[in-house]
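Here is the structure we will look at.
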Amino acid sequence: MNKYELAVIVSAKLEDEERAATIEKVKEYITRFGGTVTGVDEWGKKRLAYEIQKMKEAFYYFVQFESDANCPNEVEQNVRIMENVVRYLCVKKEA
């Protein structure tokens, strides 16, 4: 099992419940494709480095998980088409 971290930037236009549901959906994708979520860091609302979709701020989340090598690709394919996700990045954590 490899360790990964998925950074998810969620639209600031959403209500608290919608943001929570979006992150829950991401966690569901990880478990569906054989991963185990080990932690979620919520950084809150931060200013973006540059404007994206006419937004200057967004909510940052970092999801740590363990899985085999195929899981991150499957998760990225599903996160890519999520409407509320502005940007995402999955990286493998070194031991």
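Output the pairs from K46/K92; K25/K56; K3/K27; K27/K93; K45/K93; K13/K45 with a Cα-Cα distance over 21 Å in this structure; if there are none, say none. Result: K46/K92; K25/K56; K45/K93 exceed 21 Å.
Within 10 Å, Cβ to Cβ, of Y88, how many net charges do the neighbouring residues add up to if Lys/Arg are +1 and Asp/Glu are -1? Within the 10 Å Cβ shell, the charges total +1.
Quick check on the chain: what are the equivalent-ellipsoid semi-axes from the Cα gyration tensor, as sqrt(5λ), descending, whole Å?
On the way: eigenvalues 106, 35, 28 Å².
Gyration-tensor ellipsoid for the chain: 23, 13, 12 Å.
Amide hydrogen proximity for T38: with H placed 1.01 Å from N in the peptide plane, the residues at 5 or more positions away or on another chain lying under 5 Å are Q64, F65, E66. Relative contact order of the chain, taken over Cα pairs closer than 8 Å and 6 or more residues apart, is 49 percent.
Label positions at W43 and T31, each projected 7 Å from the Cα along the C-beta direction, are separated by 2.6 nm.
Between the helical axis of 16-32 and the longest alpha-carbon principal axis of the chain there is an angle of about 20 degrees.
Since every read-out is calculated from the coordinates, none of them should be taken as a lab result. In this text, all values refer to a predicted model and were calculated from it rather than measured experimentally. Note that we place each Cβ from the backbone using ideal geometry, even for glycine, and neighbour counts take in every protein chain shown.
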